[in-house]
């Protein structure tokens, strides 16, 4: 945590030093930097909160990794034993019922749980800050895209490194 605070404080110090270049440069750098920093930190916090909630509710399901799903979408090469009984002895109704249970139906509760992180205030407020900051710079004729866009990258890098320290 201390490492993340030092990193944010050091980067903010360099942003404040940019005031000596020009006021317009400083404002573009500050607003873009803070916007992207808040977006990354807010998204990380919301995601961690969502994961902790799912772990506490014990609704995390063990799923196959992406490459395994891509190579074998129907699970044909799984190690699970296949019923080797002759066709006459198979109970098709039971097999169909078991397969129907495996099908996941999208319901409102699952959609609600999945959308909590997407509509979290920890994510929406930083995006609002980004939009309003951009509009404020544009309306006051201070917007300089050649400074603003690279400054977003600075905030993303600092936010990523800080969130790794804070939320690890």
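Counting only helices (runs of 4 or more DSSP H) that fall entirely inside the range 42-128 and contain at least 2 residues that are at pLDDT below 70 and closer than 30 Å to residue 164 by Cα, the qualifying elements are 108-115.
Please specify each residue of the range 117-159 satisfying the condition of being under 22 Å from the mean Cα position of the chain (by Cα), under 18 Å from residue 19 (Cβ atoms) and surrounded by fewer than 18 Cβ atoms within 10 Å (Cβ to Cβ). Correct list: 150, 154. Condition first: touching a residue at least 60 places away in the same chain (Cβ under 8 Å) and part of a loop (DSSP other than H, G, I, E, B). Now tell me which residues in the range 141-168 satisfy that. Listed by number, the residues that qualify are 142, 143, 144, 167.
Just need a number here: residues in the range 31-61 that are in contact (Cβ under 8 Å) with a residue 24 or more places away in the chain and either loosely packed, with under 13 Cβ neighbours inside 10 Å or under 18 Å from residue 150 (Cβ atoms) (or both). The qualifying residues number 11. A single entry from 27, 1 fulfils the requirement of being more than 17 Å from residue 121 (Cβ to Cβ), buried (at least 18 other Cβ atoms within 10 Å of the Cβ), in contact (Cβ under 8 Å) with a residue 24 or more places away in the chain and over 18 Å from the mean Cα position of the chain (by Cα): 27.
The values are calculated or read from the model by the stated rules, or taken from the named source; none is laboratory data. Source: prediction; values computed, not measured. Ideal geometry is used to build each Cβ from the backbone, glycine not excepted, and the neighbour counts take in all protein chains shown.
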